[in-house]
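Engineer: Input: one structure, supplied below.
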Amino acid sequence: MAKENINYTEAFDELQQIVSEMENADITVDELSEKIKRCTMLIKLCKDKLTKTEAEISKIMEKED
């Protein structure tokens, strides 16, 4: 799966939209598998961005000490 060039906010917003569709039963059984795959990719992207940001902040804080 190719990594997309979307930012954290876009990925998070799309995740929220998919969850909302699932909660409202707006997704057919046929779409469910693809939506789950998309969610998995978006969650990984968000997690990676958060981890990278945390590491960058830690480095900045270490320099300040």
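We did not get these values from a lab; they are worked out from the coordinates using the rules stated. In this text, all values refer to a predicted model and were calculated from it rather than measured experimentally. Glycine also receives a Cβ, built like all others from the backbone with ideal geometry; neighbour counts cover every protein chain displayed.
Engineer: Compute the signed sum of charges (Lys and Arg +1, Asp and Glu -1) over the other residues within less than 14 Å, Cβ to Cβ, of Glu62.
Structural biologist: -2
Engineer: May I ask you to list the GluC sites (Glu not before Pro) in the chain that are in a DSSP loop and have at most 13 other Cβ atoms within 10 Å of their Cβ?
Structural biologist: Glu4
Engineer: A follow-up question, please. Taking only Cα atoms, what is the 0 to 90° angle, nearest 10, from helix 8-23's long axis to the longest principal axis of the chain?
Structural biologist: Rounded to the nearest ten degrees, it is 30.
Engineer: Please work out how many pairs of lysine residues in the chain are eight or more positions apart (or on different chains) and have Cα atoms closer than 26 angstrom.
Structural biologist: 21
Engineer: Next up: According to a simple spin-label model (label point 7 Å from Cα along Cα-to-Cβ), what is the distance in nm between Glu4 and Thr28?
Structural biologist: 2.1
Engineer: Can you give the charge dipole size of the chain about its Cα centre, rounded to the nearest 20 debye, using +1 on the beta carbon of Lys and Arg and -1 on the beta carbon of Asp and Glu?
Structural biologist: Its charge dipole is roughly 320 debye.
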